[in-house]
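One structure is given below, encoded as structure tokens.
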Amino acid sequence: MKVLDIKQEINMTESLMTRINELISHYPEGKQKSALLPVLHEVQDAHNDWLSIELQDKVAEILSIKPVEVYEVVSFYTMFNRQPIGKYMFEFCTTSPCCLNGVENLMDYTCDKLGVKVGEPTPDGMFEVRGVQCLGACGYAPMMQLGDFYQEHLTKEKIDQLIVDCRDNKITLHDK
Ligand code: FES
């Protein structure tokens with residue numbers, strides 16, 4: 001993935017630092033690197049769901065580790081974003097059980113409805129569609145993740161309603 005050169009305002013608020021320090025306190029002295037994944041989630045949630053290089057450097061500084069140790073984690077996991085994403089990211093599971101239950105048709109339907117391709121935000125920055133690997137909810141296929149929450153047994157009608165609810169600001173993205 002090409003990483004765009006876009007500036008991100010870094011805002012390590014007092015409440016964010018309190019949560020980070022609380023996460024770090026779960027690990028023994030000198031092992032603060034173990035808190036990297038939960039800290040990255042916290043920091044990303046607090047910064048419009050993406051992590052610029054400068055922000056990753058900040059995380060490295062907080063955890064007293066090398067920046068490259070953060071870069072390699074952020075670039076490995078699809079749940080971390082290295083550039084701005086649509087506010088409402090529809091992450092469709094594209095593994096076999098969801099595919100057998102029609103997820104590909106639903107992704108195509110969603111892209112057509114929003115006028116975008118997979119991985120491309122709408123011009124207003126509101127929506128984006130992405131395919132991800134199994135989200136561990138195969139019994140509820142076809143499904144997707146939207147923010148911190150799962151949307152299950154998807155149909156075209158459910159997608160239509162979700163888009164309306166997103167536009168009406170009725171969708172909660174994070175559970176805190
Ligand atoms: S295959 Fe879709 S959640 Fe597991």
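Data table
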quantity: Cα pair distances exceeding 20 angstrom across the chain, given as percent; calculated: 57
quantity: Spatially near lysine pairs across the chain, Cα under 22 Å, sequence gap of 8 or more or different chains; calculated: 24
quantity: Within the accessible area of the chain (1.4 Å probe), percent carbon and sulfur; calculated: 51
quantity: Whole-Hz couplings from phi, Karplus 6.51/-1.76/1.60, listed for the stretch 29-34; x for Gly and Pro; calculated: 3, x, 10, 5, 4, 4
quantity: Karplus-derived HN-Hα couplings along the stretch 80-96 (A = 6.51, B = -1.76, C = 1.60, θ = phi - 60°), whole Hz, x at Gly and Pro; calculated: 9, 10, 9, 8, x, 10, x, 4, 9, 8, 8, 9, 7, 6, 10, 8, 3
quantity: Solvent exposure of the stretch 88-167 as accessible area per residue, Å², 1.4 Å probe; calculated: 50
quantity: Computed [θ] at 222 nm, deg cm²/dmol, the chain (DSSP H ≥ 4; -39,500 (n - 2.57); rounded to nearest 500); calculated: -12000 deg cm²/dmol
quantity: Degrees, to the nearest 10: 36-45 long Cα axis against longest axis of the chain; calculated: 60
quantity: In degrees, nearest ten, helix 14-24 long axis to first principal axis of the chain (Cα); calculated: 80
quantity: Within the chain, longest stretch clear of exposed GluC sites (Glu not before Pro) (DSSP loop, no more than 15 other Cβ within 10 Å); calculated: 30-151
quantity: Residues of the stretch 14-76: accessible area per residue with a 1.4 Å probe, Å²; calculated: 54
quantity: Degrees between helix 53-63 axis and first principal axis of the chain (Cα, 0 to 90, nearest 10); calculated: 50
quantity: Neighbourhood charge, 13 Å Cβ-Cβ cut-off, centred on Lys33 and excluding it, Lys, Arg +1 and Asp, Glu -1; calculated: -2
quantity: Whole-number Å³ per residue for the convex hull built on Cα positions in the stretch 14-76; calculated: 77
quantity: For His41, solvent-accessible area (1.4 Å; no DNA, RNA or ligand), Å²; calculated: 70
quantity: Simple Cβ-charge dipole of the stretch 88-167, Lys/Arg +1 and Asp/Glu -1, about Cα centre, in debye nearest 20; calculated: 80
quantity: Amide H partners (placed H, <5 Å) of Arg82, local residues excluded; calculated: Leu51
quantity: Cys residues of the chain counted as unpaired, since no other Cys beta-carbon is under 4.7 Å; calculated: Cys99, Cys111, Cys134, Cys138, Cys166
quantity: Whole-Hz ³J(HN,Hα) from phi, Karplus 6.51 cos²θ - 1.76 cosθ + 1.60, for the stretch 116-126, glycine and proline x; calculated: 10, 9, 4, x, 10, x, 5, x, 7, x, 7
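The values are calculated or read from the model by the stated rules, or taken from the named source; none is laboratory data. Worth saying up front: this structure is predicted, and the values here are computed from it rather than measured. Don't worry about glycine lacking a Cβ; one is built from the backbone with ideal geometry, like all the others, and counts go over all protein chains shown. Side chains included, ligands, DNA and RNA excluded: accessible areas come from the protein's heavy atoms. Shrake-Rupley method; radii C 1.70, N 1.55, O 1.52, S 1.80 Å.
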